[in-house]
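The values are calculated or read from the model by the stated rules, or taken from the named source; none is laboratory data. Everything quoted here is computed from the prediction, not taken from an experiment. With ideal geometry, Cβ positions are generated from the backbone for all residues, glycine too; neighbour counts draw on all protein chains shown. Side chains included, ligands, DNA and RNA excluded: accessible areas come from the protein's heavy atoms. Shrake-Rupley method; radii C 1.70, N 1.55, O 1.52, S 1.80 Å.
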Amino acid sequence: MNGTVKDSVEQRRKYVTAFNATMVKIWREQMALLGVIDTGALYRSTIGISMTADGKFIDISLEQSFNTYGLFVDYGTGRNTPRGNPVDISCKREQSGACSGYAERSRNRCEANIGKANGRHRKRWFSRKYFASVMNIQEFYADSLGQEFCRAISNALNPDIMRQSLIK
């Protein structure tokens, strides 16, 4: 529990101000690593918009931005994703007796997609890293504010400080 209130506020300020820039850097690294970059529009659209905080950096608000279709890339969905549930079609085949055995049923499930196959695959450039980073900032805040609270209680229970506050 070393340090002062000013030190802990300064630590929180540094951590929060670096968060937006770090998130954008991580997202761009993930896009390059996973091959998400096609035209570069999603890559260029990732920006840290704003950061607001109260005087002690206890209540903060962070805002980042990127093109909406980036979420579809993260989830592996898009225009050419087939509609419907291929399992329903294969279940109908199973009920009619057209399928026998596990291997044949699983083959029919793959063949049950109507139209062209989905060429999209999930490229998790956003969700995994963002969740981990949010958990990290929560842990940092819990530790920082917990230490500040312990200092406040320790000072309140200090006999010298208690006498001084009663005299005033």
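Worth pointing out:
- Tally, over segment 16-31, of residues that are closer than 30 Å to Asn155 by Cα and either open to solvent by less than 40 Å² (accessible area, probe 1.4 Å) or at pLDDT 90 or above (or both): 1
- Residue match in segment 37-51 (condition: in contact (Cβ under 8 Å) with a residue 40 or more places away in the chain, among the β-branched types (Val, Ile, Thr) and out of contact with any Pro (no Cβ under 6 Å at 6 or more places or on another chain)): no
- So Arg163, is it of a type in the set (Lys, Arg), in contact with a helix residue (DSSP H, G or I) (Cβ under 8 Å, 6 or more places away or on another chain), modelled with pLDDT under 85 and assigned to a helix (DSSP H, G or I): no
- Restricting attention to segment 1-15, the residues being of a type in the set (S, T, N, Q) and either under 17 Å from the mean Cα position of the chain (by Cα) or surrounded by 12 or more Cβ atoms within 10 Å (Cβ to Cβ) (or both) number 2.
- Candidates in segment 32-57 are the residues that are under 19 Å from Val134 (Cα atoms) and at pLDDT 85 or above; of these, the one that is least open to solvent (accessible area, probe 1.4 Å) is Thr46.
- First in segment 147-159 and open to solvent by 60 Å² or more (accessible area, probe 1.4 Å), second anywhere and in a helix (DSSP H, G or I) and of a type outside the set (Phe, Trp, Tyr), Cβ under 7 Å, 6 or more apart: Gln147/Ser8; Asn155/Ile161
- In segment 58-73, the residue that is modelled with the highest pLDDT out of those that are open to solvent by 70 Å² or more (accessible area, probe 1.4 Å) and within 30 Å of Gly146 (Cα to Cα) is Glu63.
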